[in-house]
1. What is the order of 182, 51, fewest Cβ neighbours within 10 Å to most?
2. Do you know the relative contact order of the chain, to the nearest whole percent, from alpha carbon pairs under 8 angstrom that are 6+ apart?
3. Would you mind telling me which residue in 164, 129, 37 has the biggest mean-square fluctuation in a Gaussian network model of the chain, where springs connect alpha carbons within a distance under 10 angstrom?
4. Over the Cα atoms of the chain, each weighted equally, I'd like the Debye log10 I(q)/I(0) at q = 0.10 Å⁻¹, rounded to two decimals.
5. If you project the alpha carbons of the range 178-331 onto the principal axes, what extent comes out on each, in Å, largest first?
6. Any idea what Rg and Dmax come out to for the range 85-198 if you just take the C-alpha atoms, in Å?
7. How would you rank 316, 188, going from fewest to most other Cβ atoms within 10 Å of each one's own Cβ?
8. Who wins for biggest fluctuation among 313, 174, 252 in a Gaussian network model of the chain, springs between alpha carbons below 10 Å?
């Protein structure tokens, strides 16, 4: 019979081996590399359009704020000049009536003071807030039109404190509603304005963007990943060149050097945890290659390798949910970048 002391020793030994495996297991080492570029619009405006102006119609409750300030901050087209007179296109944002709806909720709850279950009340408060956004050319033609409808739950008034009569609930609501509703409207104002800004930036602007892109090397005790670190340096050079709008041939030369290193490393790919290029690192090398092809504008190979990374991760003995999320995000970014090039006749 195994004694308690022996069992304890076995347990410690197993735990030691577990931590030893974790300590010496090879894994990806992610590095953020910045790249700056101009994001092209999803709905390119006519090439003759060079200027714009904006009109914002809304009831302001935010303190120390005026319509001109909000209009300049949120109703803007990057890559175009804002002028008041003789502009090529007018951005028009009109906020409708802010309406609050409240639904009375009842529930049996235990009242400590009364020592029994009683009916508790609270209001489920939501809002309806239509906002219309349009772009109108100087000859009166509507270029774009969209209604942004906010119809959402805002809060549960008095949910945590429970009132035990509708009269008590209404008394409390009436005492607080002016401040409460102003706060809610301000919250919805900011949300709608931010949504308008995003629509204009994504759809129509030539937007300066600086993006952080994760590139994988490897790390593990007493394991040499100098080749993968060298590939990281090639990617850094390539991204610096993209940011400074260098010639595509020079950019591709650095990207091809990185790809060659990763392709060579993949020849060592193994399912063994002790392998230099084990399953997690293999996944991320496919991912790296997909990113390199993205910035070479070879979208067929960019999709091929990013999807390889996704499929390989799923087939691993221990698939990584964080790697899956990262790869899916990159697949979306590649598709978006490709689509914007096509829309603007650059591909």
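Throughout, read-outs are computed from the coordinates displayed, never taken from laboratory work. Everything quoted here is computed from the prediction, not taken from an experiment. Every residue, glycine among them, receives a Cβ derived from its backbone with ideal geometry; neighbour counts consider all protein chains shown.
1. Placing the least packed residue first, the sequence is 182, 51.
2. 21 percent
3. Judging by the Gaussian network model, the answer is 164.
4. The calculated log intensity ratios at q = 0.10 Å⁻¹ are -0.88.
5. Reported extents, whole Å, longest axis first: 67, 41, 30.
6. Rg then Dmax for the range 85-198, in Å: 20.8, 74.
7. Values: 316 15, 188 19.
By the 10 Å Cβ count, ascending, the order reads 316, 188.
8. Its mean-square fluctuation being the largest, the pick is 174.
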